[in-house]
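Every read-out reported here was derived from the displayed coordinates using simple, explicitly stated rules and does not represent laboratory data. Because the structure is a prediction, the values reported are computed rather than measured. Here the Cβ positions follow ideal geometry from the backbone for every residue, glycine too, while neighbour counts run over all protein chains shown.
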Amino acid sequence: MLTNQYDEGGITILQLVSHRLTASALPHLMQARDQMVGRGRHAMLVDLSKTRSLTNAGLGALIEFSADFGTGRTLAFCNALPSVVDRIQGSGATALISYYTSKSDALRDKRFQSQRLAGSKALILCAGTGSRMAPLTDASPKPMLDLFGAPLISHLIRHLSQFGLNDILLNPGYKGDQIHDIRTSHPAQRLHFFAEGRDDGEGWHGAPVGSASTLAQLQQRHRVFDTDSFVLCGDALIDIDLADMMQAHRECGAAVTIATATVPLADTSKYGILRTNRTGRVLAFQEKPQPDHALSTLANTGIYIFHPSVLTNLPCHDGQDIATHLLPAILARGGHIQSYTKPFEWVDMGCPRDYVRAHFNAIRGHLKTLCPADQIHHCAALSPSSSGKTIWLASDAKVSRRAALNGPCYIGPGTSIAPGVTINGPCVIGAGCRVEAGCLISDSLLLPNTWVRSGAWIDGQLAGPDWAIPYTNADGGFTNFAKVPLDRTGPLPENERKVSLPQIAGSSA
């Protein structure tokens, strides 16, 4: 019996060529499994589309193959003709054989999804100062900003791991010592740190070199990129189908593929804009054009796939940027740069206003990529408010029955809400906060470990222990707000803090 096999990422696709499946299939199947394991793959999908008949012995071979395939490995069958499906179902073997109607159905299953990009690498760029996110980034690098108890970069790492992307590179720069701390939170992933800075014994000193310079140094000094690899900015929430993006990249033969999103014309000045032809091939770049000069509304989301050939012989000096220097240079020498335009959720964290709105959209249930309930160690209970909108209440939060909570709102772990407090949503009260009697909080986000003293009124604020700003004005540009504490707010005494610092943004470590 003959078989054809090939790999799609971390999954082996095996096609049975024999029209009549008998007991003789078993040794061929076992041999294919051993070859798969030898290539470092852990998942196999067997295509039965050419099998016209299945004998009792052939069915037994499939059952035995499934039983002996090996623990820790994933196996399924697909694309069988109706007569073969009837044979499997009629025998009662469906409990022993994992079967899908089509290959695409199988690949959408989480068991296969988690293997589709196994062996590939991803670089998360996390060296920048995040100046447009100030004052949040005064205490933490942007990738470590807290989102319902987990840093932003952890949400991104979890998304990568859903596709088997467990070899993850990071380039900590600004306040990079905090980024090193995430290693313990992701034991299943292989995190590799290439620091752009150093600790001299008196503290960490970041020295970011520029995103394209990072790629050049990693390739020239360490030969990191030996196959198509992802490069992502560590400052956004995404639900993009990375396996589909990789497949599209390889099918079109691009040197670089860029995930794009359509933005409102009025917002083009915030993003790198692409002009493409009808097939999606990039023809030109514009960096943050004014709306009346924008060539399109197709924005660069900072999610790339690079073929290793374009990362050789790059200038290794500092100050080179991917969007500003590398991509235009590749385009100028005739390189194929492709846009990936399938829609996905992209929650860009460009400024404090974006940060607050992401929280508010999450508690309203408007985001797929962010939900308080996903942080199961921190948010264990849900309840409706008197307005019918959701209150997200952490299991160890203490809320007086004489407090009035009008959702949507989130009360974080370890937070206490005293009698006589009124909270009018949308509101997010971070972990370890203390809100004393008689306070009114509306349309605001309180960072962890904030102490709100009796009688405080807080409206439309992004507030922490040491400062507060009106979030609607915090667009990352030059604003006139003063970064000062609100009346009757401040940091909790250090011995009363319930959240470790400085990993949580906005703290007074």
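Multiplying the sequence separation of D226 and R183 by 0.36 nm and subtracting their Cα-Cα distance, what value in nm do you get?
Taking 0.36 nm per residue and subtracting the Cα distance, the gain is 13.1 nm.
Kindly provide the helix-only [θ] at 222 nm of the chain, computed as the sum of -39,500 (n - 2.57) over DSSP H runs of four or more divided by all residues, to the nearest 500 deg cm²/dmol?
Calculated mean residue ellipticity at 222 nm is -5500 deg cm²/dmol.
Could you work out how far the C-alpha centroid of the range 406-420 sits from that of the range 207-247, in angstrom?
So the two Cα centres are separated by 40 Å.
Quick one: if the Förster radius is 25 Å, what FRET efficiency do K483 and R198 give, using the C-beta to C-beta distance and rounding to 0.05? Intermediate values should be presented prior to the final figure.
On the way: r = 29 Å, r/R0 = 1.16.
With R0 = 25 Å, the Cβ-Cβ based efficiency is 0.30.
Fewest Cβ neighbours within 10 Å first, please rank L156, L447 accordingly.
Ascending number of Cβ neighbours within 10 Å: L156, L447.
To the nearest Å, what is the center-to-center distance of the range 158-185 and the range 1-45, using C-alpha atoms only?
Between the Cα centre of the range 158-185 and that of the range 1-45, the gap is 35 Å.
Using modelled amide H (1.01 Å from N, peptide plane; none on Pro or chain starts), what sits under 5 Å from the amide H of I458, excluding residues fewer than 5 places away?
Here L440, I441, S442 satisfy the definition.
Among G9, A437, I63, flag the residue with its Cα farthest along the positive direction of the charge dipole of the chain, charges on Cβ as +1 for Lys/Arg and -1 for Asp/Glu.
I63
Could you check the simple spin-label distance between E287 and T101, using points 7 Å along Cα→Cβ, in nm with one decimal?
Those two pseudo-labels are separated by 5.0 nm.
Can you list residues from other chains, or at least 5 along the same chain, whose modelled amide H is less than 5 Å from the amide H of S140?
G506
To make sure I understand the rule: partners must be lysines, Cα under 18 Å from the Cα of K175, and not fewer than 8 residues away in the same chain. Which ones qualify?
Result set, ordered by chain and number: K142.
Run the numbers on the range 3-113 and let me know its relative contact order in percent, using alpha-carbon pairs under 8 Å that are six or more apart. Show your work: numbers first, answer last.
Working: 181 pairs, mean separation 29.0, N = 111.
So the answer I get is 26 percent.
For L123, which sequence-distant residues (separation of 5 or more, or a different chain) have an amide H within less than 5 Å of its own amide H, given hydrogens modelled in the peptide plane?
Here L169, F230, V231, L232 satisfy the definition.
Can you return the lysines within cross-link range of K270? Criterion is Cα-Cα under 17 Å, with same-chain partners fewer than 8 residues away left out.
K288
Counting pairs of alpha carbon atoms under 8 Å apart in space and at least six apart in sequence, what relative contact order in percent does the chain give?
Relative CO of the chain lands at 10 percent.
So what J values fall out for the range 347-358 if you push phi through Karplus, 6.51 cos²θ - 1.76 cosθ + 1.60 with θ = phi - 60°, rounded to Hz, Gly and Pro as x?
Residue by residue, the range 347-358 yields 9, 7, 9, x, 8, x, 4, 4, 4, 5, 5, 4 Hz.
Identify the residues of the range 3-34 with backbone N under 17 Å of a label point that sits 7 angstrom from the Cα of I63 along the Cα-to-Cβ direction, or state none.
Output list for this probe position: 21-27.
Quick one: Karplus J couplings for the range 285-296, per residue in order, coefficients 6.51, -1.76, 1.60, θ = phi - 60°, nearest Hz, x for Gly and Pro?
Whole-Hz 3J(HN,Hα) from phi for the range 285-296: 10, 9, 9, 6, x, 5, x, 6, 10, 5, 6, 6.
Mean separation of Cα pairs under 8 Å and 6+ residues apart, divided by the residue count of the range 65-198: what relative contact order is that in percent?
Once divided by the residue count of the range 65-198, the mean separation gives 22 percent.
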